[in-house]
Amino acid sequence: METYDGAPEPGGVPALSDAPISEADEAAAPVPDAEEAAVVVEQPVKLLPVAELHLHIEGTLEPELIFALAERNGIELPYADLDELRACYEFTDLQSFLDLYYANMAVLQTEQDFADMTRAYLERAAAAGVRHAEIMVDPQAHVSRGVPLETCVNGVASVLANSLAEFGVSTLLIAAFLRDLSEESALDVLEQLLAMNAPIAGIGLDSAEVGNPPAKFERLFARAKEAGLHRIAHAGEEGPPSYIIDALELLDVERIDHGIRCMEDPELVEHLVAERVPLTVCPLSNVRLRAVDTLAEHPLPAMLAAGLNVSVNSDDPAYFGGYVDDNFVQLQTVLGLSEFDRVRLASNSIRSSFADDERKTELLAELGYS
Ligand code: ES4
Ligand code: ZN
């Protein structure tokens with residue numbers, strides 16, 4: 001695959017801008033018509049430098065690594081071989097995925113296990129064009145099965161610490177809390193993370209969405225804000241548009257993970273556009289979890305056309321059929337997403353990250369913005 005060289009191509013890239021990086025991009029990108037789309041499909045897919053903003057590190061556990069870690073730790077898996085495990089990756093909804101996702105975490109026992117998983121992701125992400133990654137980890141999913149908090153955090157963080165030098169990927173760690181557990185449990189783990197000075201940049205909210213609205217976690221997010229942490233939350237993946245509104249209003253989040261169901265509420269879309277609220281969209285995830293029927297029907301083009309601040313992310317790439325580059329390739333081939341739109345998605349990801357201004361400027365320059 002060709003590497004993006006940052007050189008703007010005639011008509012293909014948004015006008016270069018020296019506007020401050022936090023400033024809004026203006027015009028909404030056009031949706032290509034069928035004729036344009038047909039032309040785009042024949043072009044090679046370029047690897048754009050992007051920020052991955054929606055990634056669960058436990059969702060990067062590839063079947064081969066699951067078997068390798070099981071063997072190393074003497075854990076008996078309920079699958080005879082790789083094929084039997086892979087046969088379980090037919091999901092009907094979010095919960096059917098979560099059941100397998102949590103079960104497979106049993107193989108993560110030692111700091112080395114967490115480190116190996118993280119290193120494998122960063123290596124693959126770098127090859128996908130990821131130049132900055134904000135990585136979620138689910139501490140409660142490990143503490144609840146007897147793995148010490150330090151084991152999980154230190155294992156992941158030890159690899160992140162060298163990621164820029166080793167892989168050219170700058171990173172931030174985000175502790176995500178499981179919304180199907182109690183707020184007390186989340187608060188307890190957050191206090192432990194703060195007490196041990198864990199190198200986290202922010203908190204997130206994930207797991208089973210419907211029936212676990214943002215209102216359940218107001219105190220958790222207030223505490224995180226008080227501690228100077230960034231705040232993000234999954235909302236509008238399977239849950240209704242009102243969860244997106246509540247995450248913004250009650251939890252004061254800076255980004256929404258997924259957010260695709262905002263399209264059911266025009267007033268909400270107008271608000272998200274006006275405020276440039278970042279939505280970290282995960283197209284292959286949405287298809288595999290049946291939030292949308294097919295990639296061809298994914299709302300991403302409509303979201304771009306509406307002027308929403310969307311980025312493309314991989315969510316749980318080992319489970320959903322691909323990393324960020326795979327998402328971009330399929331968006332281009334199936335939806336005929338233009339280079340203009342793909343560059344916009346990449347710049348949105350960089351601008352919406354929590355990286356410092358110097359890093360954002362550096363990555364935007366790689367993309368062709370000066
Ligand atoms: C998740 Cl796709 C998704 N949604 C909600 N919670 C999650 N945890 C890991 N992947
Ligand atoms: Zn997610």
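The values are calculated or read from the model by the stated rules, or taken from the named source; none is laboratory data. For clarity, every value in this text was computed on a predicted model and none was experimentally measured. Ideal geometry is used to build each Cβ from the backbone, glycine not excepted, and the neighbour counts take in all protein chains shown.
A quick yes/no check of all residues on (1) over 15 Å from GLY129 (Cβ atoms); (2) not β-branched (Val, Ile, Thr):
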| position | (1), (2) |
| --- | --- |
| ALA306 | yes, yes |
| PRO317 | no, yes |
| VAL324 | no, no |
| ARG342 | no, yes |
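From the list TYR89, TYR101, which one is over 26 Å from ASP341 (Cβ atoms), touching a residue at least 60 places away in the same chain (Cβ under 8 Å) and under 18 Å from the mean Cα position of the chain (by Cα)? Steps first, answer last, please.
Details: TYR89 fails: under 18 Å from the mean Cα position of the chain (by Cα).
The conditions single out TYR101.
Any chance region 313-326 includes a residue that's part of a loop (DSSP other than H, G, I, E, B), away from ligand 2 (no atom under 16 Å from the Cβ) and surrounded by fewer than 23 Cβ atoms within 10 Å (Cβ to Cβ)? Step through it out loud before you land on a result.
Pass one, region 313-326, residues part of a loop (DSSP other than H, G, I, E, B): 313-314, 316, 321-323.
Still in the list and also away from ligand 2 (no atom under 16 Å from the Cβ): none.
Within region 313-326, none of the residues are part of a loop (DSSP other than H, G, I, E, B), away from ligand 2 (no atom under 16 Å from the Cβ) and surrounded by fewer than 23 Cβ atoms within 10 Å (Cβ to Cβ).
Between residues in region 320-332 that are more than 14 Å from GLU52 (Cβ to Cβ) and residues that are within 15 Å of ligand 1 (Cβ to nearest atom) and aliphatic (A, V, I, L, M), which pairs lie under 7 Å by C-beta distance while being six or more apart or on different chains?
Qualifying pairs under 7 Å: GLY321/LEU284; GLN330/LEU284; LEU331/VAL312.
Report every pair of residues separated by at least 6 positions or lying on different chains whose Cβ atoms are under 6 Å apart, first residue within region 261-288 and without any contact (Cβ under 8 Å) to a residue 60 or more places away in the chain and over 24 Å from LEU100 (Cβ atoms), second within 13 Å of ligand 1 (Cβ to nearest atom) and not in a strand (DSSP E or B).
CYS262/GLY236; LEU279/GLY259
Look through region 48-62, keep the residues that are more than 10 Å from ligand 1 (Cβ to nearest atom) and surrounded by 24 or more Cβ atoms within 10 Å (Cβ to Cβ), and return whichever of them is nearest to LEU85 (Cα to Cα).
Filtering region 48-62 for residues more than 10 Å from ligand 1 (Cβ to nearest atom) gives 48-53, 60-62.
The next check asks that each one be surrounded by 24 or more Cβ atoms within 10 Å (Cβ to Cβ); those that pass are 48, 50-53, 61.
Working: LEU48: 32, VAL50: 31, ALA51: 30, GLU52: 27, LEU53: 28, LEU61: 12 Å.
Here the residue is LEU61.
Checking the structure you have, find out if any residue of region 190-199 is in a loop (DSSP other than H, G, I, E, B) and in contact with an Asp or Glu (Cβ under 9 Å, 6 or more places away or on another chain). So that I can check it myself, show each step before the final result.
First pass over region 190-199, keeping only residues in a loop (DSSP other than H, G, I, E, B): 196-199.
Imposing the further condition that a residue be in contact with an Asp or Glu (Cβ under 9 Å, 6 or more places away or on another chain) reduces the set to 196, 198.
Looking for residues that are in a loop (DSSP other than H, G, I, E, B) and in contact with an Asp or Glu (Cβ under 9 Å, 6 or more places away or on another chain), one finds at least one in region 190-199, hence yes.
So, in region 165-188, exactly how many residues are among the acidic types (Asp, Glu) and touching a residue at least 40 places away in the same chain (Cβ under 8 Å)?
At the first step, the residues of region 165-188 found to be among the acidic types (Asp, Glu) are 166, 180, 183-184, 188.
Keeping just the survivors that are touching a residue at least 40 places away in the same chain (Cβ under 8 Å) gives 166.
Count: 1.
Can you pull out the residues in region 214-236 that are outside any loop (DSSP other than H, G, I, E, B) and crowded, with 20+ Cβ neighbours inside 10 Å?
Across region 214-236, the qualifying residues are PRO214, PHE217, LEU220, PHE221, ALA224, ARG231, ILE232, ALA233, HIS234, ALA235.
Would you mind telling me which numbered condition in (1) under 22 Å from HIS56 (Cα atoms); (2) more than 12 Å from ligand 1 (Cβ to nearest atom) LEU250 fails?
(1)
Let me confirm something: among VAL329, VAL312, which residue is under 30 Å from ALA87 (Cβ atoms), within 16 Å of ligand 1 (Cβ to nearest atom) and at pLDDT 95 or above? Spell out how you get there, then give the answer.
Values: VAL329 fails: within 16 Å of ligand 1 (Cβ to nearest atom).
The unique qualifying residue is VAL312.
Are any residues in region 63-99 surrounded by 14 or more Cβ atoms within 10 Å (Cβ to Cβ), within 15 Å of ligand 1 (Cβ to nearest atom) and not hydroxyl-bearing (Ser, Thr, Tyr), and if so, which ones?
The answer is PHE91, LEU94, GLN95, PHE97, LEU98.
Against the condition out of contact with any strand residue (DSSP E or B) (no Cβ under 8 Å at 6 or more places or on another chain), free of Cβ contacts under 8 Å to residues at least 24 places away in the same chain and not in a loop (DSSP other than H, G, I, E, B), how does ALA68 come out, does it pass? Show your work before the answer.
Details: out of contact with any strand residue (DSSP E or B) (no Cβ under 8 Å at 6 or more places or on another chain): yes; free of Cβ contacts under 8 Å to residues at least 24 places away in the same chain: yes; not in a loop (DSSP other than H, G, I, E, B): yes.
Spelling it out, ALA68 is indeed out of contact with any strand residue (DSSP E or B) (no Cβ under 8 Å at 6 or more places or on another chain), free of Cβ contacts under 8 Å to residues at least 24 places away in the same chain and not in a loop (DSSP other than H, G, I, E, B).
Can you pull out the residues in region 288-297 that are part of a loop (DSSP other than H, G, I, E, B) and within 17 Å of the chain's Cα centre (by Cα)? Break it down stepwise before answering.
So in region 288-297, the residues part of a loop (DSSP other than H, G, I, E, B) come out as 289-294.
Selection gives LEU289, ALA291.
Could you please give the count of residues in region 228-253 that are within 16 Å of ligand 2 (Cβ to nearest atom) and over 18 Å from ALA186 (Cβ atoms)?
The number of residues fulfilling the criteria is 4.
Determine which member of the set GLY239, GLY146, GLY211, GLY204 is in a loop (DSSP other than H, G, I, E, B), out of contact with any Leu (no Cβ under 7 Å at 6 or more places or on another chain) and crowded, with 22+ Cβ neighbours inside 10 Å.
Working: GLY146 fails: crowded, with 22+ Cβ neighbours inside 10 Å; GLY211 fails: crowded, with 22+ Cβ neighbours inside 10 Å; GLY204 fails: in a loop (DSSP other than H, G, I, E, B).
The match here is GLY239.
Quick one: SER96 ticks every box in (1) in contact with a His (Cβ under 8 Å, 6 or more places away or on another chain); (2) farther than 18 Å from PHE354 by Cβ bar one, so which box is it?
(1)
Is it fair to say ALA126 is farther than 19 Å from SER314 by Cα, at pLDDT 95 or above and away from ligand 2 (no atom under 16 Å from the Cβ)?
Working: farther than 19 Å from SER314 by Cα: no; at pLDDT 95 or above: yes; away from ligand 2 (no atom under 16 Å from the Cβ): yes.
It is false that ALA126 is farther than 19 Å from SER314 by Cα, at pLDDT 95 or above and away from ligand 2 (no atom under 16 Å from the Cβ).
Do you know which residues across region 109-143 are of a type in the set (Val, Ile, Thr) and surrounded by fewer than 23 Cβ atoms within 10 Å (Cβ to Cβ)?
Quick first cut of region 109-143, residues of a type in the set (Val, Ile, Thr) only: 110, 118, 130, 135, 137, 143.
Once the filter is applied, which keeps residues that are of a type in the set (Val, Ile, Thr) and surrounded by fewer than 23 Cβ atoms within 10 Å (Cβ to Cβ), region 109-143 yields THR110, VAL143.
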